[in-house]
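Since every read-out is calculated from the coordinates, none of them should be taken as a lab result. The shown structure was predicted, so the numbers you read here are calculated from the model rather than taken from an experiment. Glycine gets a Cβ as well: all are built from the backbone with ideal geometry, and neighbour counts include every protein chain shown.
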Amino acid sequence: VTGPAGAADPLDDAKARVAAAREAADEATARYDEAQTRHAEITGEIEELEAAIESARARAGVLEVAVERRAVSAYKNRGGDSPLAGLGDDEPITAVRREKLLAEASAADNAAVDELAQLNDDLEERRDDLEERRREAEDALAAMEAEARSIQSELTAAQQAQAQVEEQIRQLEAARQEAERQQAAREEAERQARDRAGSSRSQPSATPAGVGGIVCPIRGAVSFIDSWGHPRPQGPHMGVDLMSPRGTPNVAVVGGVATMRSAGGRPGLGVSLRGDDGNLYYYFHLDSYEGGSRHVSQGEVIGYVGNTGDASGGPTHTHFEVHPGGGGAVNPYPYVSAVC
């Protein structure tokens, strides 16, 4: 019979697959964040170009009126109605005066014509820039969608590998407990009963042990990077995005009062957790809740991973925030990286 030691190699292999899938998911998450940041930057550039084009169109309208007025005036005055028409060309001095007055009279209109020509050139160039930025935005969006699919694929692989690891651990634990019971039976009946009771209490928990007082918000495969402060359409990113397959449980990082926030707006379905430790924690973009608002214990399931709110259409994840003492948000990456 193969004992726990004999099963060590398959377990190590399964753990290596989990680590590899997690690393691949982290890399895809980083690429998604980079594409998301670029898309936000390009969107800002497009808005600036559109505003500049609109302003230039307004100025062009003013200039076109002036140029049209000059053309109409020139047409009307060609028959001799112009105040300059009385100056004949038969005398050299009169001809000089006529040319000078003509130049002064049309200087302003000529400037309008020149400015309009330059403005039209600038408008054409800005339209070309706008089209280029729109193509770049489409490329960035396509990259985001591709990386979102990659994240989901890698996380699914990690979830499957994690399930294999947990099953092998369960089998090894069962074998270890059986060996302990057999040994206890050989020694004495009292110790056998005590070992059985200890074994029933020592089943491995699905929630990892807390570090610094909290546990991982996600119970399952998860991928994340430090994206604190990265640009987003609504402003700097004030949390950490915990990428995980849809439906993965979200658990209370500490005991406290969990309030299920109403759906709508950018956060989508969310939970605020006012911890017994005095800190405030937020979970956003959930797919659904587990139960209603209540006091929860550490590790208790409060909701499930989704992409509601302004995350709709993107990769499923939980936006997680930490507010020490209930005040302003701080970078949650050090918190989750220590326990997830």
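Remarks
- Taking a sphere under 14 Å around the Cβ of residue 58 and counting the other residues whose Cβ falls inside, with K and R at +1 and D and E at -1, yields a net charge of -2.
- The amide H of residue 269, built 1.01 Å from its N in the peptide plane, has 264, 285, 286, 308, 309 as neighbours under 5 Å, considering only residues 5 or more places off or on other chains.
- Ranked by the mean number of other Cβ atoms within 10 Å of their residues, highest first, the peptides 32-45, 323-336 come out as 32-45, 323-336.
- Electrostatic dipole magnitude of the range 275-325 [Cβ: Lys, Arg +1; Asp, Glu -1; Cα centre; debye, to 20]: 80 debye
- If R0 is taken as 30 Å, the Cβ-Cβ distance between residue 121 and residue 230 corresponds to a FRET efficiency of 0.20.
- Between residue 276 and residue 132, residue separation times 0.36 nm minus the direct Cα-Cα distance comes to 46.6 nm.
- Using the average count of surrounding beta-carbon atoms within 10 Å as a protection proxy, the listed peptides 123-130, 14-21, 275-282, 314-321 rank, highest first, as 314-321, 275-282, 14-21, 123-130.
- Under the criterion of Cα pairs below 8 Å and six or more residues apart, the relative contact order for the range 231-337 equals 34 percent.
- Residue 20 versus residue 167: modelled label distance in nm, points set 7 Å from Cα along the beta carbon direction: 1.8 nm
- In a reduced charge model with +1 at each Lys and Arg Cβ and -1 at each Asp and Glu Cβ, the range 231-337 shows a dipole moment near 200 debye about its Cα centre.
- Amide H contacts of residue 230 (H built 1.01 Å from N, under 5 Å, at least 5 apart or other chain): 237
- All alpha carbon pair distances within the range 231-337 were sorted into 5 Å bins beginning at 0; the resulting P(r) in whole percents reads 3, 14, 24, 27, 21, 9, 2, 0.
- Spacing of the modelled spin labels on residue 46 and residue 110, each 7 Å from Cα toward Cβ, amounts to 4.4 nm.
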